[in-house]
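Before any comments, here is the structure.
The values are calculated or read from the model by the stated rules, or taken from the named source; none is laboratory data. This is a predicted model, so every value here is computed, not measured. Every residue, glycine as well, gets a Cβ built from its backbone with ideal geometry; the counts of neighbours run over all protein chains shown.
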Amino acid sequence: MNKILVVGGSGVLGSSVVATLQQEQADFLSGSRKPIKNDSYSVVSQSTNTPWQRIDLATGEGLRQALEGVDTVFHLASAPTKIGNEPFDVVATRNLLNALNQSDVKHLIYSSIVGVDTIQYSYYRAKRSAERLIQASQIPYTILRATQFHNLLDFAIGKLLSLPIGFIPRQLKVQPIHVDTVTAELYRLVQAGPQQTIINLGGPKVYDVGTMTQLWMKARNVSKPVIPIPTVGSLMKSLAKGENTCPNKKAIDSADWEEYLRETYG
Ligand SMILES: NC(=O)c1ccc[n+]([C@@H]2O[C@H](COP(=O)([O-])OP(=O)(O)OC[C@H]3O[C@@H](n4cnc5c(N)ncnc54)[C@H](OP(=O)(O)O)[C@@H]3O)[C@@H](O)[C@H]2O)c1
């Protein structure tokens with residue numbers, strides 16, 4: 001196993017990747033602006049002895065030092081924000097690619113999202129632009145598009161049900177995947193080497209949000225009126241059509257939504 005840099009190692013996916021690399025006793029470094037992220041949608045735990053270096057992708061700060069001796073880079077840093085007039089993911093990916101051009105890195109692995117090529121949503125358009133920058137670069141790459149992680153959907157449903165009456169877009173489709181299954185695929189890609197392509201990976205079942213909400217309410221013992229929100233606008237229509245799913249690329253070893261809820265809430 002070669003040396004790995006995990007850019008965005010403090011996030012939800014990054015923490016899972018870091019835990020696997022620690023378990024596998026891999027030679028790695030985690031990079032982000034803070035060693036531990038506590039403003040994420042999910043509480044992430046990380047051991048205090050994680051090798052970490054401050055990196056700011058908005059400016060490129062810390063990248064040159066972090067890339068010393070590195071062979072493989074996981075690019076897992078992302079934010080739905082803007083830097084000046086440009087989306088964060090575009091600026092961040094461009095800064096990372098500029099630094100990679102001056103390095104000996106042999107494989108860049110980028111985490112993207114299923115449906116970024118068709119769904120009209122500004123964050124997804126930014127992810128697709130970042131993919132294009134990587135595809136046009138000279139850096140050997142693999143792009144892994146995953147569907148939504150369980151803990152993001154858990155957080156989102158909790159928000160939708162936070163008022164005395166819940167408002168739920170029942171008809172939208174989701175194919176939730178366990179974050180550790182995405183990590184296992186990312187780890188496999190390190191060993192497989194650059195694929196120069198985009199790989200899709202989704203959870204074992206496609207659900208509608210109405211069913212997921214009912215299961216969530218049962219698991220958490222929540223009872224309240226739920227009013228369906230109509231499917232309006234191009235984003236919701238794409239999600240109702242399942243453009244964010246990949247039923248032909250199911251990770252059968254991922255927990256499904258029911259299993260995740262049982263593991264998390266008993
Ligand atoms: N969540 C999902 O359901 C899902 C599904 C499919 C694909 N993905 C993709 O998987 C990746 C990871 O998602 P996630 O859910 O783990 O995100 P997350 O928990 O929000 O973590 C984002 C990471 O980006 C880092 N970051 C943000 N701004 C930065 C900056 N200026 N410089 C350096 N690092 C910065 C954060 O660290 P600091 O804030 O400390 O810098 C953090 O480590 C993303 O590319 C996302 O699009 C997510």
(request) Could you tell me which residue of the stretch 52-106 is farthest from V12 (Cα to Cα), considering only residues that are of a type in the set (D, E, K, R) and not in a strand (DSSP E or B)? (result) D104
(request) Of the numbered conditions (1) more than 11 Å from the ligand (Cβ to nearest atom); (2) within 21 Å of K218 (Cβ to Cβ), T118 fails exactly one; give the number of that condition. (result) (2)
(request) Return the only residue of F88, F28 being more than 8 Å from the ligand (Cβ to nearest atom) and within 23 Å of S103 (Cα to Cα). (result) F28
(message) For the condition over 17 Å from the mean Cα position of the chain (by Cα) and within 25 Å of L13 (Cα to Cα), what is the one hit in Q196, Q171, Q214, Q175?
(response) Q196
(message) Out of everything in the stretch 225-259 that is among the polar types (S, T, N, Q) and surrounded by 13 or more Cβ atoms within 10 Å (Cβ to Cβ), what residue ends up being farthest from I165 (Cα to Cα)?
(response) S254
(request) For the stretch 71-85, name all the residues that are more than 9 Å from the ligand (Cβ to nearest atom) and within 18 Å of T197 (Cβ to Cβ). (result) T72, V73, F74
(request) Give the residues of the stretch 6-25 that are surrounded by 15 or more Cβ atoms within 10 Å (Cβ to Cβ) and away from the ligand (no atom under 13 Å from the Cβ), sorted by residue number. (result) T20, L21, Q22
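Going residue by residue through the stretch 38-61, is there one that turns out to be of a type in the set (F, W, Y), surrounded by fewer than 18 Cβ atoms within 10 Å (Cβ to Cβ) and either at pLDDT below 95 or over 16 Å from the mean Cα position of the chain (by Cα) (or both)?
Checked against the condition, which is being of a type in the set (F, W, Y), surrounded by fewer than 18 Cβ atoms within 10 Å (Cβ to Cβ) and either at pLDDT below 95 or over 16 Å from the mean Cα position of the chain (by Cα) (or both), the stretch 38-61 yields at least one hit.
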